[in-house]
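Read through the structure below, which is laid out as structure tokens, and then see the notes.
The values are calculated or read from the model by the stated rules, or taken from the named source; none is laboratory data. In this text, all values refer to a predicted model and were calculated from it rather than measured experimentally. Every residue, glycine as well, gets a Cβ built from its backbone with ideal geometry; the counts of neighbours run over all protein chains shown.
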Amino acid sequence: MSEENGPQAATAAVWGGEEGVRIAGATQVPVVHSVAFGYDDLDHWRDVALGRADGHIYSRNTNPTVRAFEEKIRLLEGAEAATSFSTGMAAISATLFALLAPGERVVSVKDTYGGTNRLFLDYLPRFGIEVALCETGDQAGIVAAIDAGCKLVYLETPTNPTCKILDIELLARHAKAQGATVVVDNTFATPINQSPLALGADLVVHSATKYLGGHADALGGALCGAAGLVAKVFAYREVNGAALHADAAYLLLRGMKTLALRVERQSANAMAVARFLDAHPRVERVFYPGLPSHPNHAVAARQMRAFGGMLSFQLVGGFEAVKAFLPRLRFAHRAANLGAVETTVAPPRTGSHVELTEQERAAMGIPEALVRYSAGIEDVRDLVADLEQALAVGS
Ligand SMILES: *Cc1c(COP(=O)(O)O)cnc(C)c1O
């Protein structure tokens, strides 16, 4: 949510960041395709290049349409500064590579997004960075790993696909005592449901591809937080080159206008779907932080304004049951993305965790018959009826 004296989140989503970019009275932000920006006055050009005057030089570094996107997400996260990236993974990898150096230690959890997990396991160690990945459900273990000393604490909550919850405020307090930087991936919760910076985090990363854009038609990433840290990562992105394109920035800006509306509806739909599934005899178990039976329900209720649009559930009957059930859904894409206006379903066994063995998935607490469910903005009566008929298969 935005700063106390700034507009509320739903207002910032609509109006934020758009002033000063509109041209010729246009009410909408223009898509500026220009690669470069020209200056007749060489002194002015130099001042812009050195950051002493406002303006743009080259679109790999800054661009007016992209700037509007950065400003909108900055307001929504209540951050001092924000920058953007071509994808969520570009945001996450740039943040880790820009802020960590050989000999330093990062503490995170085993349940981070698949690409993030690969960075931790395959890439950071190559550069002499020590990575401690804790059991996501073991809060005492995470605290002990932080207390042992670290440069950066990387959190993601709720997690994918079993919706585990990390206590941001508590872990940030321990991180602060070590002088560590706290980064939170806020993709699942969105700034509508969770404000990590207000809970003590230093930086928030986003896959804008998901809820921020909300229409599954543009890739993007964002980083928000303290100006000094964001500037460090921005300097790296300027040379790493993973800049957000103006076309994608426009689609994300347009999608973000309805962010509050969509996320409120998606959260309400997910809650109703979770309750329905929880009572269904063909469902073994439901993972949703909004259910009082969820092990971290109390923490989620404290740090989230609503419990979000993501849930997962385990079917009775193993993976064969999933294979029979998924094709029967009428109002759901069977696809790898999430956070879109359409309901989207995916089994981690063939989607996000396809490269792991059954044993590895079991070790992560991911049952073979799990279905990840990203609630869309449809009428929830249709979603529930659709699940009901699909679950009735073979009975
Ligand atoms: C999708 C996702 C990412 C990666 O984002 P891309 O835009 O696909 O690169 C990172 N974190 C989470 C939680 C995600 O869901």
Enumeration of residues in region 167-192 that are crowded, with 22+ Cβ neighbours inside 10 Å, more than 12 Å from the ligand (Cβ to nearest atom), under 24 Å from G365 (Cα atoms) and in contact (Cβ under 8 Å) with a residue 60 or more places away in the chain: I168
Residue satisfying all of: in region 110-140; among the hydrophobic types (A, V, I, L, M, F, W, C) and touching a Gly at 6+ places or on another chain (Cβ under 9 Å); farthest from the ligand (Cβ to nearest atom) among these: I129
Residues that are within 14 Å of the chain's Cα centre (by Cα) and either away from the ligand (no atom under 15 Å from the Cβ) or on the phi > 0 side of the Ramachandran plot (or both), drawn from region 78-93: none
Members of region 67-85 found to be under 15 Å from G213 (Cα atoms) and in a strand (DSSP E or B), listed by number: S84, F85
Condition met for A340 (over 21 Å from R285 (Cβ atoms), surrounded by 21 or more Cβ atoms within 10 Å (Cβ to Cβ), within 15 Å of the ligand (Cβ to nearest atom) and aliphatic (A, V, I, L, M)): yes
Unique residue being on the phi < 0 side of the Ramachandran plot, buried (at least 20 other Cβ atoms within 10 Å of the Cβ) and at pLDDT 95 or above when the list is G221, G214, G225: G221
Which listed residue, of Q359, Q389, is surrounded by fewer than 18 Cβ atoms within 10 Å (Cβ to Cβ), at pLDDT below 95 and assigned to a helix (DSSP H, G or I): Q359
Given (1) within 16 Å of the ligand (Cβ to nearest atom); (2) touching a Ser or Thr at 6+ places or on another chain (Cβ under 9 Å), index of the condition L99 fails: (1)
Per-region count, region 193-208, residues at negative phi and more than 12 Å from the ligand (Cβ to nearest atom): 10
